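Have a look at this one before I ask anything.
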Amino acid sequence: MKHFNFLITIVLAITLVLSSCKKDNFAPPGNTLVIEKPGIQQKEGPIVLGLQLEDPYSLKNMKQAYANLKAGNADVADLDIQPTHTYSRYLPKNEEEWGILKTDTTIVWYDYPLDYEIVNLGTTYHDPTLHENAITWQYCVVPIGHTMPDIHHELLYEVYIPAKDANSGLKSSTSTKQFLLALEHESVKLTGNLPENELKSTTGLLPAEWTPKGTIKVWDDMIGRTITYTQVFDHWEYYDCITGDPVLPPQPEQLAKIQPKIEPMMMQPIDQCQRAVYRYNPVEVAGSYIPLVQATVHARWFTHIESDLTDNNGYFETSKFNYEVNYAIKWERADFDIRSDNWGQAWYNGPKQKGDWNLNISQGGMSWIYAHIHRGAYTYYYANTYGIKTPPKDGQLLNQRIHIGAMEKSGRSHYYEFNKFWLSPQIKIYAYSNAGNWNIGEYIFGATVHELAHASHWEIGYTYGQYVVDAIFSEPFLPESWAQGVEAVITSNIYGNVWVQDQNIPLNGIIGNGGYTPIVWDMIDTVNQRAISGIALPIDNVSGYTLKQLEDALYGNYTWSSWRNAIRDNNVNPTEDNLTELFGNYK
């Protein structure tokens, strides 16, 4: 019995080994085998740093690498290695200084150091030595001769990036390229940064140049339909262990057996192995992965940084590298940035690898929220085909770009202009509704557009003083109706539905609801809700206005009636005599 138990133990152990190597071998019904991918995986929350590393691009290390090459080969060309860049960190004392730094869009800013290993690929970082509400250190690699603002900073070290050296002093372009590659390789080697596969290589060949590229997509639960497949156990298949699995390639260590089967004619036991056979049931779901357009993607190897914006297909491609890179999405553009909560810059830190980065951002995490906020902001700022002004841009509003805080909590999205005076984001978008439900992508997109419409309206001249007056004496119909209208037009153009157009909400559901009315859409569309759905809905005999015409009438007009009069007086429209009736529905 002891020998039998020992045999069973060995069989089970080998079975576990084989099942971990072969997805469909020895998998019991009803169980799911999850195999963790090696390496650091993207996680939500704080970025955690590990040990400080030696940067192969530091001027000190590059000079030592050159000395090594020169000592080993007297024919190595003379080269006066001078810094191509500086690696520094800046500490702006307030939002205005931070805005001044960000005005220079040729500089790539990181809020975490570039010469440390990353233990946890989180989505935000704040220097633990600083107060949690203070602006954190901003790290940058600046070309020599580039003028920087006089803001408190520290020079960390000088940098020499061979690929950026336009004055190497070598005449032949081919020999220059090979020499600089050898120089970089020597510095990578002496700083202990050679990838493991190259450490084991015996060829001695220099690494081949390659181009970081890939495609970034995000799941949208309202666009398209997707077929997924669920794996379901079907039956066992049996085969001769000696002959091997007829489906999978035979393996020498494949010794797992079940009880011997007795062949009736031969009366001899035949060793049999088993494999699980699955079927795949198709399930069609609403939604699909859509391209993430014009997102900022960085590829970085220490202080060598290259960037690109994703195109309409979500595709990006940077300049070349010789070694693996750290991929990242920085949720930021020239005129807006997305924060993790109130303070931290939001990131998606991808893998460190030598190869394409193809990413599908799935639903359920804050990175998904960041992506849909980006879509809404990008559309309003840079894909604005409606003739209306963009929201405030960098260099306006005290040199401050719009900060959008993505809040991992329940709440009602809002815009507070005065938040900029104590570094809090002017716009806050909440991942969860007040009822505690995870918001859908369309809502996040629309809410972003809505709050940016407020920011744009405030820049036109509407003020919080007027908002307070409107709220005290009735409702803030003008600001909320305008923002609701911009949201309806832009979101409907993307999603093609009427969810945000509020054309089926009765008057008693609109009045007393904070000033949110569908009047902008009413003035654009050709549908009279009252005629279709009965007396409970607004009377809408106005049509044919454009979003631009309605926005132009906002300039210098801060009340419900003055906006109505400007719309009528500034435009020629056959339905203009019905404006008083339409506006009278609500106030």
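The values are calculated or read from the model by the stated rules, or taken from the named source; none is laboratory data. For clarity, every value in this text was computed on a predicted model and none was experimentally measured. Note that we place each Cβ from the backbone using ideal geometry, even for glycine, and neighbour counts take in every protein chain shown.
Would you pick out the residues in the stretch 297-314 that are part of a strand (DSSP E or B) and surrounded by fewer than 19 Cβ atoms within 10 Å (Cβ to Cβ)?
Matches in the stretch 297-314: Ser307, Asp308, Leu309.
Please work out if Ile81 is in contact with a Phe, Trp or Tyr (Cβ under 6 Å, 6 or more places away or on another chain), surrounded by fewer than 20 Cβ atoms within 10 Å (Cβ to Cβ) and either modelled with pLDDT under 95 or within 24 Å of Asp394 (Cβ to Cβ) (or both).
Yes, satisfied.
Outside any loop (DSSP other than H, G, I, E, B) and modelled with pLDDT of 90 or more: is that true of Glu96 in this structure?
no
Give the residue that is modelled with the highest pLDDT, with candidates limited to residues of the stretch 498-524 that are assigned to a helix (DSSP H, G or I) and either farther than 21 Å from Leu452 by Cβ or in contact with a Cys (Cβ under 8 Å, 6 or more places away or on another chain) (or both).
The residue in question is Asp522.
Scanning the stretch 316-334 for residues that are within 30 Å of Tyr430 (Cβ to Cβ) and outside any strand (DSSP E or B), which turns out modelled with the highest pLDDT?
Checking each candidate, the answer is Trp331.
Also: Within the group Asp540, Asp577, Asp569, which residue is part of a loop (DSSP other than H, G, I, E, B) and either in contact with a helix residue (DSSP H, G or I) (Cβ under 7 Å, 6 or more places away or on another chain) or not aromatic (Phe, Trp, Tyr) (or both)?
On inspection, the qualifying residue turns out to be Asp540.
Now, a different point. Based on this model, can you work out whether Gly355 counts as modelled with pLDDT under 95, surrounded by fewer than 22 Cβ atoms within 10 Å (Cβ to Cβ), out of contact with any Gly (no Cβ under 8 Å at 6 or more places or on another chain) and over 19 Å from Ala453 (Cα atoms)?
no
Moving on. Here is a list: Asp341, Asp308, Asp337, Asp271. Which entry is at pLDDT 95 or above and not assigned by TED's automatic domain parsing to the domain that holds Glu186?
Result: Asp308 is the single residue among Asp341, Asp308, Asp337, Asp271 that is at pLDDT 95 or above and not assigned by TED's automatic domain parsing to the domain that holds Glu186.
Does the stretch 578-586 contain any residue that is within 16 Å of Gly485 (Cβ to Cβ), among the β-branched types (Val, Ile, Thr) and modelled with pLDDT of 95 or more?
no
Right, something else. With the condition kept exactly as written, say whether any residue in the stretch 479-497 is part of a loop (DSSP other than H, G, I, E, B) and surrounded by fewer than 16 Cβ atoms within 10 Å (Cβ to Cβ). Give the steps one after another, and end with the answer.
Within the stretch 479-497, the subset part of a loop (DSSP other than H, G, I, E, B) is 496-497.
Filter once more, so that each one left must be surrounded by fewer than 16 Cβ atoms within 10 Å (Cβ to Cβ): 496-497.
Yes.
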